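Each remark here refers to the structure printed beneath this line.
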Amino acid sequence: MELIATLERSPDGGRAYVGRVVECAWRLPGIYAAVLDGRCPTWRAEQVADLTRPLSRHAAAHVDQRLRNFVGTCSFARVQRLVTEAITITVKLVIDLADHVPVDSDEIPDRLREPVRLRDHTCRYPWCPRQPASGDLDHTHTQAALPVRAISQVASTPSVVRRSEVGSAGCCIRPANPTTPRCDLSEVHSWCRAGRMTLPERMMGELVEVVGRREKPRMLVVGIEPESDLGAHLRSLVPTISFFVDRNDIHAAVRQGDWDCAVVWDCDVQLEPHLFVLQFGGMSTENFHRHGVQFSVTEQGKTVAAEYAVPDGLSADVARLVRNELAPVVIDRSGSPIFGIQVWGYTAPAPNTDFLEGFIDPFLIDGDGNVVAGRYERNASEGSQWWRVPVFTPNPERWVAAALASWRASDSDRFPGEADWYHRNEWMTAAEEQLRRRQQELLEERERVLSAVDARLAALEEERAEATERAQGGERRLLTAQGDPLVEEVENTLKEFGFDVVNVDTDIATPGDRREDLRVLDPDHVGWIALVEVRGYARGAQLNDLLRLGRFVTRFVREENREPDRVWYVVNQFRDTDPSTRPIPLEANPVEVETFGEDGGVVIDTKDLFTLRMSLRRGELTKQAARARLRDAVERLDLKVAT
């Protein structure tokens with residue numbers, strides 16, 4: 001209770017506050033550290049703690065790991081989504097993969113299917129690269145224990161090794177002599193599981209003549225008509241290509257291990273992990289099981305953001321496509337699909353999910369960090385990637401070209417470019433050498449021009465910074481100042497219009513005598529005079545200021561024996577906000593303003609004075625015209641009304 005009294009809270013409020021602090025410190029250590037580092041406000045940490053208190057320890061740890069790096073900047077809606085995701089996570093019992101539980105039956109029970117799938121990652125049939133969900137589970141030989149002398153017999157007796165009839169894909173190879181002594185199959189094993197070839201390509205090159213070899217890169221295209229314009233573009237980009245309009249045909253018609261990459265159009269298809277993939281649209285990509293976490297990359301709704309970010313580190317081609325082509329289309333749309341990681345299970349207690357934060361490398365993200373376009377690594381050993389962009393992306397062929405260029409940097413064997421020796425001086429033709437020299441000269445000239453432009457831009461930027469600094473202490477005070485600085489700037493503005501201005505406080509009033517701020521005379525109209533009261537407010541204009549002006553008028557009449565021609569109430573309201581969003585002064589008091597106008601009063605917003613002053617400097621109106629706009633104004637200065 002002493003702590004609650006110190007916090008100046010009610011008993012219930014104090015207990016709730018302490019509960020949120022304890023929840024954050026003990027079950028949300030990453031968010032707690034962000035608060036201590038100043039990266040997260042305390043009220044946001046309290047919001048998260050309120051939401052996670054009903055969750056289990058594992059679910060709270062999931063929320064903490066997902067939010068710790070950006071809890072201070074993400075939206076509350078995203079926090080709620082992560083908490084909902086944590087509530088729906090399925091936590092499975094830990095499976096001991098080393099346990100041995102024999103089954104003496106033809107049917108494999110579910111309690112054994114999952115351990116075998118997690119242990120082997122592929123079909124149990126020797127050398128089969130298929131996923132275990134659709135493969136055999138009852139074979140007794142693993143890949144590491146296969147007899148391999150049959151491989152050496154391929155050169156002399158090719159019929160010894162034949163394709164298995166097991167499985168719809170026919171992807172397994174069966175050794176003809178299971179009793180042949182064992183030897184090391186690590187190289188064969190790695191190649192087979194990667195799905196590239198049934199036997200190592202290097203070994204096949206040494207032992208047998210390889211027929212049917214096609215030029216790389218070899219591309220599969222799913223969902224695109226071969227005779228379409230896009231299909232023609234794709235054929236011009238790669239030497240070997242195969243089209244499948246129906247996504248289901250790809251599984252029965254080709255062996256994916258014979259291909260290097262795939263382009264998928266607005267559909268979902270299962271592709272082997274060695275393939276580099278560029279997907280346009282679609283709902284999901286694939287499922288993963290890494291570090292005890294089961295997750296998938298799927299579409300997660302739409303974003304209606306108006307502003308987006310292009311992360312650093314993208315290649316020049318990709319960055320140009322995102323900025324110039326993808327981003328403008330996304331901004332113009334009412335909603336663009338986003339995708340991300342969906343965790344759907346754990347196979348280890350409290351696994352570390354930090355790796356999920358950087359799993360997707362984004363090309364374009366909104367303010368909440370939602371990914372509109374991006375890529376991720378599919379298989380670390382192969383270096384393969386999956387790129388995903390919206391289906392409405394303009395010029396998709398340019399994205400394919402950019403992806404091929406990026407993949408070429410990752411795997412030059414599967415995505416070869418032109419031969420390097422073509423570009424060496426000793427093997428160039430005279431025409432090539434001349435053109436190369438002219439190209440180099442043009443590049444040097446371009447560099448000189450760009451350097452000169454950069455120098456001019458730097459000088460202009462410096463001048464602009466100085467002009468901004470001057471404006472802050474000068475003209476822009478009409479929009480930001482109050483008190484004497486505002487009165488001084490209003491006086492300067494009226495003098496710039498050609499008025500004769502008298503500062504009453506310095507030229508007429510005695511110390512302590514409260515009178516109007518300025519008296520304005522028009523040299524073109526002898527005897528014309530206006531009394532001016534200048535006020536500045538962080539909030540809206542005050543109605544009492546009109547009454548104050550009434551007292552000033554009464555005193556002027558008593559001293560001068562005449563009425564002033566105009567009484568100007570000049571106000572800088574909401575001075576800390578954007579001038580374009582400020583309301584009309586005294587907009588809620590039209591009757592009082594009308595009465596004020598009947599006695600020669602005019603309400604003048606300083607932002608209109610600023611606009612009128614800049615129009616004069618741009619030559620859009622003369623000093624006489626500016627004075628006339630102010631002199632003839634009734635009730636309000638309205639620049640939209642023509643004079």
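Miscellaneous remarks
- Long-range amide H partners of residue 383 with built H, under 5 Å: none
- Amide H to amide H, with H built 1.01 Å from N, residue 294 comes under 5 Å of 344, 345, 346, 347, counting only residues 5 or more places away or on other chains.
- In order along region 434-446, the phi-based Karplus estimate (6.51 cos²θ - 1.76 cosθ + 1.60, θ = phi - 60°) of 3J(HN,Hα) comes to 5, 5, 5, 5, 5, 5, 5, 4, 5, 5, 5, 5, 4 Hz; Gly and Pro are listed as x.
- Over region 291-401, all Cα pairs binned in 10 Å intervals from 0 give whole-percent P(r) values of 13, 43, 31, 11, 2, listed from short to long.
- Three-way shape label, region 336-408, alpha-carbon gyration tensor, a/c 1.5: oblate
- Share antiparallel - DSSP beta bridges, region 246-403, percent rounded to 5: 75
- Taking Cα centre as origin and charging only the Cβ of basic (Lys, Arg, +1) and acidic (Asp, Glu, -1) residues, the dipole magnitude of region 261-396 rounds to 100 debye.
- Gyration tensor (alpha-carbon) shape descriptor, region 225-291, a/c threshold 1.5: prolate
- Amide H contacts of residue 279 (H built 1.01 Å from N, under 5 Å, at least 5 apart or other chain): 264, 387, 388, 389
- Computed from the C-beta positions of residue 251 and residue 289 and an R0 of 25 Å, the FRET efficiency is 0.70 to the nearest 0.05.
- Note that region 356-426 presents 42 Å² accessible area per residue, ligands and nucleic acids not counted, probe 1.4 Å.
- For region 484-538, the per residue solvent-accessible surface stands at 44 Å², with DNA, RNA and ligands left out and a 1.4 Å probe.
- Region 461-473 - phi-based ³J(HN,Hα) in whole Hz, Karplus 6.51/-1.76/1.60, Gly and Pro as x: 5, 5, 5, 5, 5, 5, 5, 5, 5, 5, 5, 5, x
- Region 325-477: equivalent-ellipsoid semi-axes (sqrt of 5 x gyration tensor eigenvalues, Cα, Å): 39, 35, 16
- Mean accessible surface per residue for region 259-330, computed with a 1.4 Å probe while every protein chain stays in place, in Å²: 42
- Cross-link partners of residue 216 among aspartates and glutamates (Cα-Cα below 20 Å; sequence separation of 8 or more within a chain): 201, 258, 260, 272, 382, 397, 411, 413, 418, 420
- Taking only Cα atoms of region 492-643, radius of gyration then Dmax in Å: 15.1, 43
- DSSP-assigned coil residues among GluC sites (Glu not before Pro) in region 392-478, each with at most 16 further Cβ atoms within 10 Å: 418
- DSSP finds beta bridges in region 439-576, and of those with both partners inside it, around 55 percent are antiparallel.
- Per-residue 3J(HN,Hα) values for region 527-536, derived from phi via the Karplus relation 6.51 cos²θ - 1.76 cosθ + 1.60 with θ = phi - 60°, read x, 6, 8, 10, 8, 10, 10, 10, 9, x Hz in sequence order (x marks Gly and Pro).
- Cβ crowding within 10 Å averaged over residues, with 336-342, 621-627 ranked highest first: 336-342, 621-627
The values are calculated or read from the model by the stated rules, or taken from the named source; none is laboratory data. What you see is a predicted model, and the numbers here were worked out from it, not measured in a lab. Cβ coordinates were reconstructed from backbone atoms using ideal geometry, including for glycine residues, and neighbour counts include every protein chain displayed. Note: accessible area is taken over every heavy atom of the protein model, side chains too, but ligands, DNA and RNA are not part of it. Shrake-Rupley method; radii C 1.70, N 1.55, O 1.52, S 1.80 Å.
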